[in-house]
């Protein structure tokens, strides 16, 4: 039986397909705007980034296609949408670099890794 590789500490989800299929020129670290149930699900490791990508629109970056499965113990009065669009938090300089690279080379932007910080 094959052993599974351990992810680096703090890694919640990893998009291995994007890392394999595409050459990563530049890496950015961005925050995510999340709801409370999404934070709990991420800490429990219930995220998938397989078909996720970054959409650049109206001067902002949006995470599309990421799937965060709600926990069974989540609140019932909140309607949980596992594949909703989530805003990425980047500063203006990083957004400018992303917009410039995408417009110049017509290269896609992919979400490769989701990490968590203990605060």
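Bear in mind these aren't lab numbers, they're just calculated from the coordinates by the rules spelled out. A quick note: this is a predicted structure, and the numbers were derived from the prediction, not measured. Methodologically, a virtual Cβ is constructed for each residue, glycine included, from the backbone with ideal geometry; neighbour enumeration extends over all protein chains shown.
Which ordering of 81, 58, 51 is given by a fewest-first count of other beta-carbon atoms within 10 Å?
With the fewest neighbours first, 81, 58, 51 line up as 58, 81, 51.
Exposure proxy check: 79, 68 ranked by fewest other beta carbons within 10 Å?
By the 10 Å Cβ count, ascending: 79, 68.
Residue 71 to residue 99: extension gain in nm, 0.36 nm per residue of separation minus the Cα-Cα distance?
6.6 nm
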